[in-house]
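Beneath this line is the structure, given in structure tokens, with notes to follow.
The values are calculated or read from the model by the stated rules, or taken from the named source; none is laboratory data. Given the structure is predicted, the values throughout are model-derived calculations rather than measurements. Note: ideal-geometry Cβ built from the backbone for every residue, glycine included; neighbour counts use all protein chains shown.
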Amino acid sequence: MSFPKYPAYRKADHEWLREIPSDWHEVRLKNLLAKKITDGPHTTPEFVEEGVPFLSVDGIQEGELVFSGCRYISHTAHEEYSKKAKPQKDDILMGKAASTGKIARIKTDLEFSIWSPLALIRVSSDHITPAFCEYCLKSIESQHQIELLCTSNTQKNISMDDIPKIKLALPPLSDQHDIVCFLDRETKKIDALIAEQQRLIELLQEKRQAVISHAVTKGLNSDAPMKDSGVEWLGQVPAHWSVKPLKRCASRVVVGIAEAATHAYCDEGIPILRSTNIRAGKIQGEILYVDPEYASERESKKIRAGDLVTVRTGNAGVTALVPESFDGCQCFTMLITTLLPSQDGNFYTYLLNSTSVQDYFRLEGWGTAQVNISVPILQELTVAQPPFDEQKEIAEFLRMRTSKYELLTEESLSVISLLQERRSALISAAVTGQIDVRGLAEAVA
């Protein structure tokens, strides 16, 4: 849909915008405030199981405040922190450390406190509506200004003195209302389309996992005679398959390098894998290197092509097969499995990443905040083992089938990216006056 322009424009004073409607003004945020911008406490509070929600910058997700999973502080601490920053409905919160520029307007009467990475912005409704200000701060132009105002040391930051310098294009209040109504309606439509694609991705992932779990525990022949595996989570398996602990399918299951090795890092050398590099069936991300001499002193930890590397903590159980390009590498505190020559690495990669085995790790692992697994837990994992040729057949079937799901997922991710770009561009065009949406709020409903 194309949108009309305003009847007349004038040249903008600021380099971030070429022109604005003739009756609009360029105003710095500091001139629109009802009170001075504040932030939360710079100390770490004592957290409690129940109490008042306490949000940091991670409480802003997809432009909205999210309270699920948040931490809590006591009512006494909340009263103390509220003396500096007491959030209320229609205030705007901005990430000012690490995730700088994350914006969300408070749309609830719920009482809560904020931490120092969040700035609290309260605007004067005599000059600007909070909803219009929120859209302005989320616009491409404002985000660009925030980026330029940021400083960076170990992480990006925007200072409390710089936030008020952000410059906005300000229309009359009546126009602000029309723009907000238009954007509320249009972004809601776009968000619904994004949600559809996200749900499709979830369904594709569920289908992918179901296909994998069935193939690695039941095989590909639906007519094959079955037997009871003797393991509750495995159930019945093909009668000609063996059922045994993983340690009987491998020549070793060990932990990688456990001690700190920052002193051994170098620009070139032996690759060393971290848990952040391991995804289901893939090795990705930035690869660090250690000194070859340091690695050679830990020869027993060396990883060969065809070995399995399994995450121990956090994403416990997630496994990747080591390709030829990483032959001879090392890893930090992850589990290394060297399979017997009679076993197919691709089959076991699918097996270890299957839903049923992941459930086993969650059941047998330990830890509250995150699951941990050990060498014994992996060694004692009971697997249904097909003959070698059937392992290869199953792995090839899953490679072909899962590649289709991955392609469909990539297509959905591409659609989401385009919709997000469309949403961002529409907001920017409306709040800078590049399109005239007055009176269109009802027309596009």
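Odds and ends about this structure:
- Qualifying residue in segment 85-103 (condition: without any contact (Cβ under 8 Å) to a residue 60 or more places away in the chain, in contact with a Gly (Cβ under 9 Å, 6 or more places away or on another chain), over 30 Å from Ser174 (Cβ atoms) and surrounded by 13 or more Cβ atoms within 10 Å (Cβ to Cβ)): yes
- Test set (1) modelled with pLDDT under 95; (2) within 21 Å of Asn221 (Cα to Cα); (3) among the polar types (S, T, N, Q) - Gln391 fails condition number: (1)
Listed here are the residues, each with its yes/no results for (1) more than 30 Å from the chain's Cα centre (by Cα); (2) over 21 Å from Glu324 (Cβ atoms); (3) surrounded by fewer than 21 Cβ atoms within 10 Å (Cβ to Cβ).
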{"site": "Thr338", "(1), (2), (3)": "yes, no, yes"}
{"site": "Ser342", "(1), (2), (3)": "yes, no, yes"}
{"site": "Leu351", "(1), (2), (3)": "no, yes, no"}
{"site": "Thr355", "(1), (2), (3)": "no, yes, yes"}
{"site": "Trp366", "(1), (2), (3)": "no, yes, yes"}
{"site": "Thr382", "(1), (2), (3)": "yes, yes, yes"}
{"site": "Glu393", "(1), (2), (3)": "yes, yes, yes"}
{"site": "Leu398", "(1), (2), (3)": "no, no, no"}
{"site": "Ser403", "(1), (2), (3)": "no, no, yes"}
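- Of note, Ile373 satisfies the criterion of being under 18 Å from Thr276 (Cα atoms) and crowded, with 19+ Cβ neighbours inside 10 Å.
- Only residues that are under 26 Å from the mean Cα position of the chain (by Cα) and of a type in the set (Lys, Arg) were counted in segment 154-169, giving 1.
- Unique residue being closer than 30 Å to Thr432 by Cβ, of a type in the set (Val, Ile, Thr) and more than 25 Å from the chain's Cα centre (by Cα) when the list is Ile114, Ile20, Ile60, Ile73: Ile20
- Residue match in segment 417-429 (condition: outside the structural domain of Leu363 (by TED's automatic domain parsing), more than 26 Å from the chain's Cα centre (by Cα) and part of a helix (DSSP H, G or I)): yes
- Here Ala8 meets each of (1) at pLDDT 95 or above; (2) over 21 Å from Ser124 (Cβ atoms); (3) surrounded by 14 or more Cβ atoms within 10 Å (Cβ to Cβ) with one exception, condition (3).
- Pairing each residue of segment 33-59 that is closer than 30 Å to Leu168 by Cβ with any residue that is at pLDDT below 90 and not aromatic (Phe, Trp, Tyr), provided the two are 6+ apart or on different chains, yields C-beta distances under 6 Å for Val57/Ser99.
- Some residue of segment 195-207 being in contact with a Phe, Trp or Tyr (Cβ under 9 Å, 6 or more places away or on another chain) and either buried (at least 16 other Cβ atoms within 10 Å of the Cβ) or without any contact (Cβ under 8 Å) to a residue 60 or more places away in the chain (or both): yes
- So Ser275, is it surrounded by 16 or more Cβ atoms within 10 Å (Cβ to Cβ), out of contact with any helix residue (DSSP H, G or I) (no Cβ under 9 Å at 6 or more places or on another chain) and among the hydroxyl-bearing types (Ser, Thr, Tyr): yes
- Beta carbons closer than 8 Å, at least 6 apart along the sequence or on distinct chains, pair a first residue in segment 120-149 that is free of Cβ contacts under 8 Å to residues at least 24 places away in the same chain with a second that is buried (at least 16 other Cβ atoms within 10 Å of the Cβ) and not acidic (Asp, Glu) for Leu149/Ile158; Leu149/Ile163; Leu149/Ile166.
- Test for Leu220: is it under 30 Å from Val437 (Cα atoms) and either over 25 Å from the mean Cα position of the chain (by Cα) or in the same structural domain as Lys84 (by TED's automatic domain parsing) (or both): no
- Within segment 124-146, the set of residues being assigned to a helix (DSSP H, G or I) and under 24 Å from the mean Cα position of the chain (by Cα) comprises Glu134, Tyr135, Leu137, Lys138, Ile140, Ser142, Gln143, His144, Ile146.
- Scoring Lys138 on the criteria (1) surrounded by fewer than 14 Cβ atoms within 10 Å (Cβ to Cβ); (2) touching a strand residue (DSSP E or B) at 6+ places or on another chain (Cβ under 7 Å) leaves a single failure, condition (1).
- Some residue of segment 369-381 being under 27 Å from Ala316 (Cα atoms), touching a Ser or Thr at 6+ places or on another chain (Cβ under 8 Å) and assigned to a helix (DSSP H, G or I): yes
- Ala445 being touching a Lys or Arg at 6+ places or on another chain (Cβ under 6 Å), part of a loop (DSSP other than H, G, I, E, B), at negative phi and modelled with pLDDT under 95: yes
- Strands (runs of 3 or more DSSP E) within segment 244-325 that include 2 or more residues in contact (Cβ under 8 Å) with a residue 12 or more places away in the chain and out of contact with any Pro (no Cβ under 8 Å at 6 or more places or on another chain): 250-255, 265-273, 308-310, 319-321
- Of the criteria (1) of a type outside the set (A, V, I, L, M); (2) touching a Lys or Arg at 6+ places or on another chain (Cβ under 7 Å); (3) crowded, with 23+ Cβ neighbours inside 10 Å, which one Asp327 fails: (3)
- Residue in segment 327-337 that is modelled with pLDDT under 95 and part of a helix (DSSP H, G or I) present: no
- Hey, Leu200 outside any helix (DSSP H, G or I) and touching a helix residue (DSSP H, G or I) at 6+ places or on another chain (Cβ under 7 Å) or not: no
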